[in-house]
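Take a look at the structure set out below.
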Amino acid sequence: GKLAEEQGFYGAGTFEGTAESLMVIDPREGFIFHVLPDPTGLSAIWVAQRVPDDHVGVVANMFSIRHVLPDVSTGGQPDFLYSASVHAVAQARGWWKPSDGPLDFTQVYSDGEYAHKFYSGRRVWGAYRLLAPATTLPANYTDLRTQADVYPATLATTRKLTPLDLMAVHRDMYEGTRYDMTQGVAAGPFGNPDRYAAAKSIKLAGS
């Protein structure tokens, strides 16, 4: 984050080129990290949220950090790290004021889901249903950017996760749910989850 503040973060100005949402980890801890250009184009706005030791976090092509809280030490490390510009820019632009309570980073700075509704949220739901099954989350929502209570940035797990658990998330096609990509006419006779895409001039029956 500090490096982005000092050197700047370039954003192309298009929907998918203006920011990054990443996981930054080492053998001891992990942070969810979001960064985007500041209004000057010379620095950056960034925030990072620590993933608690008994939690898992999911990032799916969209910001996921919600309410940015003041530094609260957990095991000697702050839960939130962020640039001073997080609050300053939001307040200067009229997007947030202190009386609103903690700043919701995703609502203030995110463009929302790319391409279509459920582009990011459905994958977050799918991953959490496998990694934190003790918590039931809704598969549907109205607007992922403005609804802070749909999917948390992190969730508690009931056991220690393994590399096989993470591989299972990447292989998952929502099998066993109403969104199973291996079922239905679009999956073809062999249950292919790689659905076809229609040309712009073609309208699929029933769509």
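The values are calculated or read from the model by the stated rules, or taken from the named source; none is laboratory data. Just so it is clear, the structure is predicted and the values come from calculations on it, not from any experiment. Here Cβ is always computed from backbone atoms with ideal geometry, including for glycine, and neighbour counts include all displayed protein chains.
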Point to revise | Hits in the stretch 113-156 - residues which are of a type in the set (Asp, Glu) and either farther than 23 Å from Arg50 by Cβ or in contact with a Lys or Arg (Cβ under 7 Å, 6 or more places away or on another chain) (or both) | key: Glu113, Asp143
Exercise for review: Quick one: count up the residues across the stretch 100-119 that are more than 20 Å from Asp38 (Cβ to Cβ) and either at pLDDT 95 or above or of a type in the set (A, V, I, L, M) (or both).
Suggested key: 1
Study note, to complete from the structure: Pairing a residue in the stretch 134-151 that is not assigned by TED's automatic domain parsing to the domain that holds Ile65 with any residue that is modelled with pLDDT under 95 and assigned to a loop (DSSP other than H, G, I, E, B), where Cβ atoms lie under 9 Å and the two sit 6 or more apart in sequence or on different chains, gives none
Exercise for review: For the stretch 90-101, indicate whether the set of residues that are surrounded by 13 or more Cβ atoms within 10 Å (Cβ to Cβ), touching a residue at least 40 places away in the same chain (Cβ under 8 Å) and under 24 Å from Val150 (Cα atoms) is non-empty.
Suggested key: no
Review point. Do the conditions hold for Ala115, that is, is it surrounded by fewer than 16 Cβ atoms within 10 Å (Cβ to Cβ), under 12 Å from Asn61 (Cα atoms) and either among the aliphatic types (A, V, I, L, M) or out of contact with any helix residue (DSSP H, G or I) (no Cβ under 7 Å at 6 or more places or on another chain) (or both)?
Key: yes
Check your understanding: Do we have Arg145 as closer than 30 Å to Leu103 by Cβ, at pLDDT 90 or above and in contact with a Leu (Cβ under 8 Å, 6 or more places away or on another chain) here?
Key -> no
